[in-house]
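I have placed the structure first, in the form of structure tokens, so that the comments after it can refer back to it.
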Amino acid sequence: MTVTELLRWQWDGYPRYHRSRLNLLIHIIAVPLSILGSIGVVLALVLRSWTLGVASIAAVVISMALQARGHKQEQVPPEPFTGQANALSRIFLEQCVTFPRFVLSGGWRRALRESSRG
């Protein structure tokens, strides 16, 4: 699957896999934490800072653990990964493209409102 196809696939299914109020609230905190942690890893390498590197990796790990916990609240579980490359590309694109797009398009707010009703 190309990056464009993967992004389209993620986007088309995103609302189906993100309906739980708890999962939505976890994501709105954990995804920025993941992005900041990822940026921190790069900065740590550039600055040769072990402290920043360890803290940044911890931020990413905590973010992923929180999101995994959030996804357990969903009625529809995420599609299983088909391999390491699939896992890495899906996670990277969700964190950096699909979730921010979901928030900026109003999808997150809509899903949160709908979760309050149902």
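Going through 105, 56, 89 one at a time, which residue ends up being of a type outside the set (A, V, I, L, M, F, W, C), within 19 Å of residue 40 (Cβ to Cβ) and at pLDDT 95 or above?
Result of the check over 105, 56, 89: 56.
Within region 45-53, is even one residue within 30 Å of residue 113 (Cβ to Cβ) and of a type in the set (D, E, K, R)?
No.
Among the residues of region 17-29, are any among the hydrophobic types (A, V, I, L, M, F, W, C) and under 25 Å from residue 4 (Cβ atoms)?
First pass over region 17-29, keeping only residues among the hydrophobic types (A, V, I, L, M, F, W, C): 22, 24-26, 28-29.
If we keep only those that are under 25 Å from residue 4 (Cβ atoms) too, we end up with none.
Looking through region 17-29, none of the residues is among the hydrophobic types (A, V, I, L, M, F, W, C) and under 25 Å from residue 4 (Cβ atoms).
Can you pull out the residues in region 98-111 that are of a type in the set (S, T, N, Q) and in a helix (DSSP H, G or I)?
Listed by number, the list holds a single entry, 98.
The values are calculated or read from the model by the stated rules, or taken from the named source; none is laboratory data. Here the structure is a predicted model, which means the values were calculated and not measured. Positions of Cβ are backbone-derived with ideal geometry, glycine not excepted, and every protein chain shown enters the neighbour counts.
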